[in-house]
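Novice: This is the structure I have questions about; it appears just below.
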Amino acid sequence: MDEASALRDYGHALAAAGRAEDGMLVCARAAEDLARLAAAGAPDEVVAALFTVRAEAAALAGHAGRHDVRDRLHTAITADAAFATGPLALRALGAALHAVAAARLDGLLSALRTGAETDPDGAAEAAALAVAVRHRAGGERELAESCLLRLHCLLVTGDDAGALEAARLARGLMPAAPHLVPRFELLLGPLRAAHPGEGW
């Protein structure tokens with residue numbers, strides 16, 4: 001854990017110095033070290049660090065334009081989800097999956113603007129996982145955040161039934177996350193028009 005923490009700190013320093021790709025490589029190495037510890041039955045704190053560092057490395061990969069590496073790290077987050085059993089690890093996994101879904105949504109929105117090929121269902125699937133994990137981990141504010149992200153993904157992919165379900169869940173969480181209400185109201189626009197009987 002100490003060596004992985006030192007690598008992580010070094011990766012952050014490289015990124016802060018404007019060397020995003022180098023920082024990504026170092027953080028990815030730290031994540032591999034943490035993954036080996038997690039597989040050996042390491043404590044909850046180590047497993048939590050694994051998801052946090054993987055998400056950090058993926059973000060740095062995105063900044064460096066290394067989308068191939070970012071996608072591999074995203075896949076690794078999902079593959080290692082079985083290690084998350086304790087409360088710290090579940091919270092870290094929820095945050096990591098939320099970051100995955102947000103990055104995929106950004107990619108999807110960019111692809112829609114440019115006409116590039118993309119995976120329209122990947123963002124919604126990642127957001128659904130983030131909602132499920134954050135539901136297990138507790139914390140209504142975090143759950144509300146992921147519900148809105150999932151709602152946005154489903155609206156973009158044209159899943160009207162799924163978006164309606166996500167909006168109903170999000171509506172019940174808004175009292176715990178008042179800072180998200182303006183964004184929720186914005187996303188509700190298409191659903192209000194399509195489902196006036198919902199009493200939005």
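The values are calculated or read from the model by the stated rules, or taken from the named source; none is laboratory data. Treat the numbers as computed from the prediction; the structure is a model and nothing was measured. Note: ideal-geometry Cβ built from the backbone for every residue, glycine included; neighbour counts use all protein chains shown.
Novice: Between a residue in region 144-164 that is under 18 Å from Val100 (Cβ atoms) and at pLDDT 90 or above and any residue that is basic (Lys, Arg) and surrounded by 23 or more Cβ atoms within 10 Å (Cβ to Cβ), which pairs come within a Cβ distance under 7 Å, given they are 6 or more apart or on different chains?
Specialist: Close Cβ pairs (under 7 Å, with a partner that is basic (Lys, Arg) and surrounded by 23 or more Cβ atoms within 10 Å (Cβ to Cβ)) amount to Ser146/Arg134.
Novice: Now a separate question. Of these, Ala111, Ala76, Ala81, which one is surrounded by fewer than 21 Cβ atoms within 10 Å (Cβ to Cβ), touching a Pro at 6+ places or on another chain (Cβ under 9 Å) and in a helix (DSSP H, G or I)?
Specialist: After ruling out the rest, the residue left standing is Ala111.
Novice: Here is a further query. Considering each residue of region 172-199, count those that are in contact (Cβ under 8 Å) with a residue 24 or more places away in the chain and over 14 Å from Arg141 (Cβ atoms), and give that number.
Specialist: 6
Novice: Continuing with this model, one more query. Assuming Gly172 fulfils every condition listed in (1) surrounded by 17 or more Cβ atoms within 10 Å (Cβ to Cβ); (2) at pLDDT below 95 apart from one, which condition is it?
Specialist: Only one criterion in (1) surrounded by 17 or more Cβ atoms within 10 Å (Cβ to Cβ); (2) at pLDDT below 95 is unmet by Gly172, namely (1).
Novice: Quickly run through region 13-24 and pick out the residues that are out of contact with any Leu (no Cβ under 6 Å at 6 or more places or on another chain) and in contact (Cβ under 8 Å) with a residue 24 or more places away in the chain.
Specialist: Once the filter is applied, which keeps residues that are out of contact with any Leu (no Cβ under 6 Å at 6 or more places or on another chain) and in contact (Cβ under 8 Å) with a residue 24 or more places away in the chain, region 13-24 yields only Glu21.
Novice: Here is a further query. Checking Ala28 against (1) assigned to a helix (DSSP H, G or I); (2) under 20 Å from Ser146 (Cβ atoms), which single condition isn't satisfied?
Specialist: (2)
Novice: If you check Arg192 against the conditions, is it of a type in the set (D, E, K, R) and over 18 Å from Val131 (Cα atoms)?
Specialist: yes
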